[in-house]
1. Mind running the shape call on the chain? Use the C-alpha gyration tensor, a ≥ b ≥ c as the square roots of the eigenvalues: rounded below 1.5 for a/c, prolate if a/b tops b/c, oblate otherwise.
2. When only C-alpha pairs under 8 Å and at least 6 residues apart count, what is the relative contact order of the chain, in percent?
3. Which sequence of PHE86, PHE65 reflects their accessible areas, 1.4 Å probe, from the largest down?
4. Modelling each spin label as a point 7 Å along the Cα-to-Cβ direction, I'd like the VAL13/LYS51 distance in nm, to one decimal.
5. Order the following by accessible area, largest value first: PHE81, PHE40. Probe radius 1.4 Å; ligands, DNA and RNA are ignored.
6. So what does THR79 come to for accessible area, using a 1.4 Å probe and Å² rounded to 10?
7. Taking the full set of protein chains and a 1.4 angstrom probe, give the accessible area of SER42 in square angstrom, rounded to the nearest 10.
8. Between helix 5-16 and the chain, what is the angle of the helix's C-alpha long axis to the longest principal axis, kept within 0 to 90° and rounded to the nearest 10?
Amino acid sequence: MVIDRLALHKKLVDILGSNNVYYQEPPNTGMKYPCILYSFNSIVVDKADNKPYILTGNWTITHMFKKISDDTIKYDMLTEFLGISFDRRIKTGGVYNDYYTLNH
């Protein structure tokens with residue numbers, strides 16, 4: 001079953017410990033760091049006998065922070081969700097971006 005966006009949002013707020021959680025990037029309002037930015041990518045349909053029987057949503061979750069001391073949620077993220085993987089870390093413009101993929 002595909003995870004409900006609002007349920008995912010609430011879990012991410014709980015993990016981060018603040019309301020700096022954004023569904024897609026807000027237009028021109030700026031984001032407050034540390035924050036989490038997430039977006040829905042796709043639905044994967046597994047079939048049996050030519051009929052869909054499992055629908056899995058694919059989400060990208062990005063933890064963004066400026067100070068390395070804010071790198072505190074990685075293990076919470078990885079233990080809170082089944083089907084999540086840590087993909088990579090990229091530092092751009094003084095901001096660390098930890099990318100996760102959630103298949104749920």
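The values are calculated or read from the model by the stated rules, or taken from the named source; none is laboratory data. In this text, all values refer to a predicted model and were calculated from it rather than measured experimentally. Every residue, glycine as well, gets a Cβ built from its backbone with ideal geometry; the counts of neighbours run over all protein chains shown. The protein model used for the area step is the full one, side chains on, heavy atoms only, and it has no ligands, DNA or RNA in it. Shrake-Rupley method; radii C 1.70, N 1.55, O 1.52, S 1.80 Å.
1. Cα axes put the chain in the prolate bin.
2. It comes to 24 percent, rounded to a whole number.
3. The ordering from most to least exposed comes out as PHE86, PHE65.
4. 3.9 nm
5. Most to least solvent-accessible, the answer reads PHE40, PHE81.
6. For THR79, the solvent-accessible surface is approximately 110 Å².
7. Here the accessible area works out near 50 Å².
8. Orientation of helix 5-16: about 40 degrees from the principal axis.
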